[in-house]
1. Looking only at strands (runs of 3 or more DSSP E) that lie completely in the stretch 12-116, which have at least 2 residues being small (Gly, Ala, Ser)?
2. What are the residues in the stretch 52-66 that are more than 17 Å from ILE354 (Cα to Cα) and small (Gly, Ala, Ser), if any?
3. Of the numbered conditions (1) exposed (fewer than 14 other Cβ atoms within 10 Å of the Cβ); (2) farther than 24 Å from ALA345 by Cα; (3) at pLDDT below 95, GLY244 satisfies every one except a single condition; which is it?
4. Could you figure out which of (1) out of contact with any Lys or Arg (no Cβ under 7 Å at 6 or more places or on another chain); (2) touching a residue at least 40 places away in the same chain (Cβ under 8 Å); (3) not small (Gly, Ala, Ser) isn't true of TYR66?
5. Of the numbered conditions (1) farther than 28 Å from TRP309 by Cα; (2) over 24 Å from the mean Cα position of the chain (by Cα); (3) among the acidic types (Asp, Glu), ASP209 fails exactly one; give the number of that condition.
6. If I filter the stretch 252-283 down to residues being β-branched (Val, Ile, Thr) and touching a residue at least 24 places away in the same chain (Cβ under 8 Å), which single residue comes out as farthest from LEU300 (Cα to Cα)?
Amino acid sequence: MSHARLNFFKVLLSQHMARLAIVGAGLSGLAAAWSLRSHPIDITLFEKSRGYSGRAATRGKYGARYDHGANFVMPSSDRVRSLLFDHLPTDSLVQIDGEVWTFDDAGQIEKPSASNGSTDSWTYERGISTLGKLIGRQASAQTLTETRVAHLGRLNGRWTVTDTEAETHGPFDAVLLTPPAPQTATLLADTAAELGEETMTERVSSLSDVVDNVRYHAQFTYVFGFDRTIERAGPYHGLLNADGGHDVAWIGFEHDKPARAPDGENIIVIQMSPDWTRTRVDADPDSFLSAAKEGASDVLGASLKRPTWYDTQRWRYSMPVEGANVDALADGADAGLFFAGDYVAGVGRIGPAIETGLDAAARIGDHLA
């Protein structure tokens, strides 16, 4: 068969396939697209950023690479473990040596009594963002990056997607919404304001109210590079404030991850607590560099003065305080609206977020069958 004739049949087939829009190319949206890869569904992913993975994010600076959002992935279920080890390439997947210890609100470090010398914590040599890239490569989806969705519309009973450049895409038979809850609620509210169907307007407005009830913790992340060794009191790669009352929530020794730092250099990742961040979230994170270093130095008992470089990140929607009412969100399925993400899981972790994408994919597959 000639290439021209083959392309003709591909176009003809696509015209009769169900169409799905996924808003957000974070791990939940990517997992849904990946799970539907063998279904006869034409999928378009809309992502406001330049790449995949959302808060499973990695940066590079001065020859170092570091995860400044999610620190690692822990297989939270058999499905997530199978995705990581059975379906995706594992050549750059590495287990992080060492343990995660805790410190109390007074900054006293404690070794967990249940520690067995290792943790089921995994990352990739080039950074945790590799996970999204690997999933995206296997997902049969068209991805429109740097495309921010403004609102949804209706055309002959199907959904359209209009971006902030006023370009309309679609129509689609279903839409999966995966941005953080506040952004999803705003998108739905703006959609309800644009719809002309009274019944659909009420339904979308009701879904917006459900999502709008979810509250998030904000978090500032600080990354410091050193040309010297930062001492520590034990074989841990990370320290977690278990009580939640310290200014610092997490201290990570990023250079413990393979292929992350040049020889002889240390990288310390500091994530501040939600309470500390709450009153500062609208300010420049650089204004509080000294506070971050001092807070972590007090815990470590080691000086973090005079780093050779630093980086900062404001995570306005770091993790949900609690989950959304998933039963109420399920009412959107009849209208072809589906939801996934950390606010559906009720916890800001990679594994559970992926699972919400897999669950949404199963519901979408049944809906479009």
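The values are calculated or read from the model by the stated rules, or taken from the named source; none is laboratory data. Note that the structure is predicted; figures quoted are calculated from it, not measured. With ideal geometry, Cβ positions are generated from the backbone for all residues, glycine too; neighbour counts draw on all protein chains shown.
1. Filter on the stretch 12-116 gives 18-23.
2. GLY60, GLY63, ALA64
3. Single failed check for GLY244: (2).
4. Of everything listed in (1) out of contact with any Lys or Arg (no Cβ under 7 Å at 6 or more places or on another chain); (2) touching a residue at least 40 places away in the same chain (Cβ under 8 Å); (3) not small (Gly, Ala, Ser), TYR66 misses just condition (1).
5. (2)
6. VAL281
Okay, residues lined up against (1) closer than 27 Å to PHE339 by Cα; (2) free of Cβ contacts under 8 Å to residues at least 24 places away in the same chain; (3) within 20 Å of the chain's Cα centre (by Cα):
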{"site": "ILE41", "(1), (2), (3)": "yes, no, no"}
{"site": "ARG50", "(1), (2), (3)": "yes, no, yes"}
{"site": "PHE72", "(1), (2), (3)": "yes, no, yes"}
{"site": "PRO75", "(1), (2), (3)": "yes, no, yes"}
{"site": "SER82", "(1), (2), (3)": "yes, yes, yes"}
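For (1) surrounded by 14 or more Cβ atoms within 10 Å (Cβ to Cβ); (2) touching a Phe, Trp or Tyr at 6+ places or on another chain (Cβ under 7 Å); (3) more than 17 Å from LEU240 (Cβ to Cβ); (4) not hydroxyl-bearing (Ser, Thr, Tyr), each residue gets a yes or a no:
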{"position": "LEU83", "(1), (2), (3), (4)": "yes, no, yes, yes"}
{"position": "GLY107", "(1), (2), (3), (4)": "yes, no, no, yes"}
{"position": "THR147", "(1), (2), (3), (4)": "yes, yes, yes, no"}
{"position": "ASN156", "(1), (2), (3), (4)": "no, no, yes, yes"}
